[in-house]
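Have a look at the structure below before the remarks.
The values are calculated or read from the model by the stated rules, or taken from the named source; none is laboratory data. Note that this is a predicted model, so its numbers are computed, not measured. With ideal geometry, Cβ positions are generated from the backbone for all residues, glycine too; neighbour counts draw on all protein chains shown. We work out accessible area using only protein heavy atoms, side chains counted, and drop any ligands, DNA or RNA first. Shrake-Rupley method; radii C 1.70, N 1.55, O 1.52, S 1.80 Å.
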Amino acid sequence: MERLSAQDLASVTGDVRLALDIGAIGFLDGTGLVDGGGRFRIEAVRQVIESRLQLVPHSRQVLYRPRPGLGWPLWVDAAAFDIADHVRVFPLAVLAGQAQFLAACEQLRRRRLDLSRPRWQVWFLPGLADGRVGVFLRMHHAMADGVAAFSALFDLTADSPAPAAPPWTPAPVPSTRELLGDNARRRARELDRALSGLLDPAGMLRRGRRTWPAWREAVVHRAPRTSLNRGRIGLNRRLALVRGDLCRASQIARAHGGTVNDVVLAAVAGGLRELLLARGEPVGDLVLRASVPVSLHQEQSGRPQGNRVGWMIVPLPAGEPCPARRLTMIAAESAERKKNARPEITGGIFRFILAQRVLGLLLPHQRHLNMFITNVPGPPGPLYLAGAPLLEVFPVLPITGNMALGVAVTSYAGQLNLTAVADQDRCGDVEVFADGVRRALEELAQSLAQPPGPAIRPPGQPAGEESGLPACQWPSH
């Protein structure tokens, strides 16, 4: 019996006005996915995906909300499941470009997921230039990590035989007696933990001291006011993609004593600088504040645990014109903050529904953050769907409150790809930000002693020292 975690419950409680869906978009080599008549082979693809659904948490389950006194919502098997409701086709105009593809993904994102069915969909969008097929996965944040779920649907080799879908029979919804007993046991464990804390005040004090720096950086310091944080965001989004190379990012990080994540943050700071300058806003010595999630899981194989994420707030020196100095400053700040323990985002008082609702009301008026940035490691090698290579993958994250711009980053087969998700009304100029990120990455690459290698590598093939391939420069588009 899997109840929602406190963080997942907060995402469900807050999903009233803004859809908190996550996911991924990608590009497939469509050579083997379209038949002689130009039709997408949807039935063959559905068969492959259905055979792998046991690898995706909650892919055949829905949220069940017991009546008061029986505990938090939990996942239960759907009474019926039809793969055609979740794997669908959305044809594009012939030879559509990336802009048309991203606009179509936004059109699909605006369609609310049917809460009576499992909360996920995969859309295939044939019609792209160069014979590619776009793919868009969306799911509710409470289900799973978007990139991990996306990857689970693919094979590791092009010639993997299509496995037969294992038989699936829905389990019945737990009885009132079972729910009551489970809730009582959970309450007893929580009470025992609370009493243990009271009986060990010294331990509570030590834990409080460890997490106090993180709380202080989150609630004491305020973020500077910019046009990105003025008022509640709307319902419509704009997407922009930035393509990068993981090996080159690693080289840049080593050269400046940082990490790949520091390189990403430095590039994002450069993009923010150019965006604000283009809007005529002064940057001077501007230092923005970005929230970077930190996983708090202690992995237990085979046991689902829901999302458990803490935070780390990193200053982004958008006022610094030199990309290399920005990176050095961010690397030092990140290293210092990593020494502190990280409390869970929705721990403590946020375990209460009322506190979560109050937080939702306050988010549009918060003054502590300028944006949210997440970096999720993806598959190190190429993936395939029904024999078709997955050429690229980009993560998608929700934005909320008064943060009009968010950034999601993932690695895939030697690539390091970034998606900027922006409020359409408040940040319709998101491509200015994306161009600034690209320029910052290019300038950081030029700071290396080694000359850049070829600009293009074979799709899906890892680049880097381990593969023996030359390093690649950051693509400009």
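Worth a mention:
- Meets criteria (buried (at least 17 other Cβ atoms within 10 Å of the Cβ) and out of contact with any helix residue (DSSP H, G or I) (no Cβ under 9 Å at 6 or more places or on another chain)) for H58: yes
- In region 377-393, the residues that are among the aliphatic types (A, V, I, L, M) and either part of a strand (DSSP E or B) or buried (at least 20 other Cβ atoms within 10 Å of the Cβ) (or both): L383, L385, A388, L390, L391, V393
- Considering (1) surrounded by 21 or more Cβ atoms within 10 Å (Cβ to Cβ); (2) not in a loop (DSSP other than H, G, I, E, B), the lone condition that T31 does not fulfil carries the number (1).
- Residue within region 140-148 that is touching a Phe, Trp or Tyr at 6+ places or on another chain (Cβ under 8 Å), farther than 30 Å from Y64 by Cβ, open to solvent by less than 10 Å² (accessible area, probe 1.4 Å) and not in a helix (DSSP H, G or I) present: no
- The single residue among L246, L275 that is of a type in the set (A, V, I, L, M), open to solvent by 40 Å² or more (accessible area, probe 1.4 Å) and modelled with pLDDT of 90 or more turns out to be L246.
- Conditions (1) assigned to a loop (DSSP other than H, G, I, E, B); (2) closer than 17 Å to S51 by Cβ: number failed by S151: (1)
- Within region 394-409, tally of residues that are in contact (Cβ under 8 Å) with a residue 40 or more places away in the chain and not in a loop (DSSP other than H, G, I, E, B): 6
- Residue pairs whose Cβ atoms lie under 6 Å apart, separated by 6 or more positions or on different chains, with the first residue in region 81-110 and within 30 Å of A434 (Cα to Cα) and the second β-branched (V, I, T) and surrounded by fewer than 18 Cβ atoms within 10 Å (Cβ to Cβ), are V89/I42.
- Selection status of R357, buried (at least 17 other Cβ atoms within 10 Å of the Cβ) and at pLDDT below 90: no
- Qualifying residue in region 115-127 (condition: part of a loop (DSSP other than H, G, I, E, B), among the basic types (K, R) and open to solvent by 60 Å² or more (accessible area, probe 1.4 Å)): yes
- Within the set A80, A93, the sole residue that is in a loop (DSSP other than H, G, I, E, B), in contact with a helix residue (DSSP H, G or I) (Cβ under 9 Å, 6 or more places away or on another chain), open to solvent by 30 Å² or more (accessible area, probe 1.4 Å) and not aromatic (F, W, Y) turns out to be A93.
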